[in-house]
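*Asks:* Pasting a structure below so you can have a look.
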Amino acid sequence: MNIVLHEPEIPANTGNIGRTCAATGTSLHLIKPLGFSLEEKALRRAGLDYWSKLDVHVYENFEDFLKKNPNAKIYMATTKAHQTYDQAAYEPDCFIMFGKESAGIPEEILVDYEDTCVRIPMNENIRSLNLSNSVAIVLYEALRQNQFSHMQLSGHLHRLEWRKGEVE
């Protein structure tokens, strides 16, 4: 899976998204201009020690992204979409793109992707959800559809053991 951020503005959001990508084995693609430096403390702090484990790609603009990812299947997350995010069928190598916090993905880009635009349902008087929350919602649906491939599916207690079959 691939998450694409088109001109992200807030370092903490990008850091949180980076951590989500690292936890899911998802590549992160950043399209300039960025509203921050990739060296900023806030970005590293939000991503904690996971930033070094992240597969990050940076592009000069959307055209550069398209040139370096020919034939990429791109889903555009936007409040302007006709279909909800759970109606799409995400391929394991697809790209899911999100726009900048203040304006989303430019309509000049969206018009060429009408069939792959997806939205997260929300009340009509709310402009949008937080970017890092939106990425997590859509990414985990895409991962679920692909059976959480290559991800750990069960956990364990650290100090104790589960009590199988015991009813309280």
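Values quoted throughout were computed directly from the atomic coordinates according to the rules given, and no laboratory measurement underlies them. Since this is a predicted model, take the numbers as computed values, not measurements. Positions of Cβ are generated from backbone atoms using ideal geometry, with glycine treated the same way; all protein chains shown enter the neighbour counts.
*Asks:* Once amide H atoms are placed 1.01 Å from N in the peptide plane, what residues at a sequence separation of 5 or more from residue 117, or on another chain, have their amide H within under 5 Å of its amide H?
*Replies:* So residue 117 has HN proximity to 76.
*Asks:* Please rank 124, 60, 161, fewest neighbouring Cβ atoms within 10 Å first, as an exposure proxy.
*Replies:* Numbers: 124 4, 60 12, 161 7.
Least crowded to most crowded, the residues run 124, 161, 60.
*Asks:* Once the Cα atoms of helix 131-145 and of the chain are each reduced to a long axis, what angle between those two axes, in degrees from 0 to 90 to the nearest 10, is obtained?
*Replies:* Computed tilt is about 70 degrees.
*Asks:* Follow-up question, since we're still on this one. Towards the positive end of the charge dipole of the range 1-124, with charges on Cβ (+1 Lys, Arg; -1 Asp, Glu), say which of 74, 21, 8 has the farthest Cα.
*Replies:* It is 21.
*Asks:* Give, rounded to the nearest 20 debye, the magnitude of the charge dipole that the range 2-145 has about its Cα centre when Lys and Arg contribute +1 at Cβ and Asp and Glu contribute -1 at Cβ. The partial results should precede the final answer.
*Replies:* Working: 14 positive and 20 negative charges, 104 e Å.
Once rounded to the nearest 20, the dipole reads 500 debye.
*Asks:* Kindly express, to the nearest 10 degrees and within the range 0 to 90, the angle between helix 11-24's C-alpha long axis and the longest C-alpha principal axis of the chain.
*Replies:* 50 degrees
*Asks:* Something else: Which links in 80/100; 32/80; 32/68 stretch past 20 Å when you go from one Cα to the other? Let's see the in-between values first.
*Replies:* On the way: 80/100 14 Å; 32/80 22 Å; 32/68 14 Å.
Correct reply: 32/80.
*Asks:* In whole percent, what relative contact order does the chain give with Cα contacts below 8 Å and a gap of six or more residues?
*Replies:* On the way: 266 pairs, mean separation 42.7, N = 168.
For the chain, the relative contact order is 25 percent.
*Asks:* Give me 51, 162 sorted ascending by neighbouring Cβ count inside 10 Å, so fewest comes first. Kindly include the intermediate steps, with their values, before the conclusion.
*Replies:* Numbers: 51 19, 162 9.
Going from sparsest to densest Cβ surroundings: 162, 51.
*Asks:* Here's another thing I want to ask about it. With θ set to phi - 60°, apply the Karplus curve 6.51 cos²θ - 1.76 cosθ + 1.60 along the range 25-30 and write out the HN-Hα couplings as whole Hz, x wherever there is a Gly or Pro.
*Replies:* Result, rounded to whole Hz: x, 9, 7, 10, 10, 10.
*Asks:* Taking +1 at the Cβ of each Lys and Arg and -1 at the Cβ of each Asp and Glu, which of 122, 137, 99 sits farthest along the dipole of the range 95-168 towards its positive end, judged by Cα position relative to the Cα centre?
*Replies:* 137
*Asks:* Full extension from residue 103 to residue 149: what is 0.36 nm times the residue separation minus their Cα-Cα distance, to one decimal in nm? Before the final figure, lay out each step's value.
*Replies:* Numbers: separation 46, 0.36 × 46 = 16.56 nm, distance 3.26 nm.
This chain segment gains 13.3 nm when fully extended.
*Asks:* Now, a different point. Per 0.36 nm of contour for each residue apart, how much would the distance between residue 82 and residue 162 grow if the chain were fully extended, relative to their Cα-Cα spacing? Each step should come with its number before you reach the end.
*Replies:* Working: separation 80, 0.36 × 80 = 28.80 nm, distance 4.47 nm.
Separation in residues times 0.36 nm, less the Cα-Cα distance, equals 24.3 nm.
*Asks:* Order of 84, 14, 26 from fewest to most other C-beta atoms within 10 Å?
*Replies:* Working: 84 13, 14 29, 26 21.
Ascending Cβ contact count within 10 Å gives the list 84, 26, 14.
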